[in-house]
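In what follows, a single structure is set out as structure tokens and then discussed.
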Amino acid sequence: MREWATAGRLMGMADPPRSRQELDDAIASYLPVLRRDARVDEAVRWLRDPPLGRGVGPVYRILFAGAVASLPARYRALLGLRRAWWPAITLTRVALWGMRTVLGPESSSMRYTRMRLDRLAGARADAASDSEPTR
């Protein structure tokens, strides 16, 4: 979570959450202004059934149902979503385990984020050494 907070700060976010509790608090702070409208319904429809290939569709439906099941009830109600009747979280864990087995333990986005942070840290170190007086 801290790596994502660093990435958020580098992209201009003033005070990104650095823990699960900070993220939960930030999301909860939006509750008074959250509203469901036609745009939200359209986004949910697209997320529920995106234009994916036949081979990906069944796995995606499991992941979507797992994501819905993991939402607190107030957010599901706000989005007009219901939990699946089947064990969506358990099947999502199985699907993610399978994907991790095939793709490796770290997502490519996390790997690239770490590489970018390392590059930026190196650039800062180089800039700092360039600004030191030569003896």
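In the condition set (1) in a loop (DSSP other than H, G, I, E, B); (2) open to solvent by less than 90 Å² (accessible area, probe 1.4 Å), residue 13 is compliant with all but (2).
Cβ separations smaller than 7 Å between residues 6+ apart or across chains give the following pairs from the stretch 101-127 residues that are in contact (Cβ under 8 Å) with a residue 12 or more places away in the chain and within 15 Å of residue 2 (Cβ to Cβ) to residues that are open to solvent by 60 Å² or more (accessible area, probe 1.4 Å) and assigned to a helix (DSSP H, G or I): 120/10. Being without any contact (Cβ under 8 Å) to a residue 60 or more places away in the chain, assigned to a helix (DSSP H, G or I) and more than 19 Å from the chain's Cα centre (by Cα) is true of residue 39. Of the residues contained in the stretch 3-22, one or more are found to be closer than 30 Å to residue 124 by Cβ, in contact (Cβ under 8 Å) with a residue 24 or more places away in the chain and among the acidic types (Asp, Glu). Summed over the stretch 42-85, the residues that are open to solvent by 50 Å² or more (accessible area, probe 1.4 Å), in a loop (DSSP other than H, G, I, E, B) and at pLDDT below 95 give a count of 8.
The values are calculated or read from the model by the stated rules, or taken from the named source; none is laboratory data. Predicted model, so just to flag it, every value in this text is computed and none were measured. Here the Cβ is made from the backbone with ideal geometry for all residues, glycine too, and neighbour counts use every protein chain on show. The area values use the complete protein model at the heavy-atom level, side chains included, leaving out ligands, DNA and RNA. Shrake-Rupley method; radii C 1.70, N 1.55, O 1.52, S 1.80 Å.
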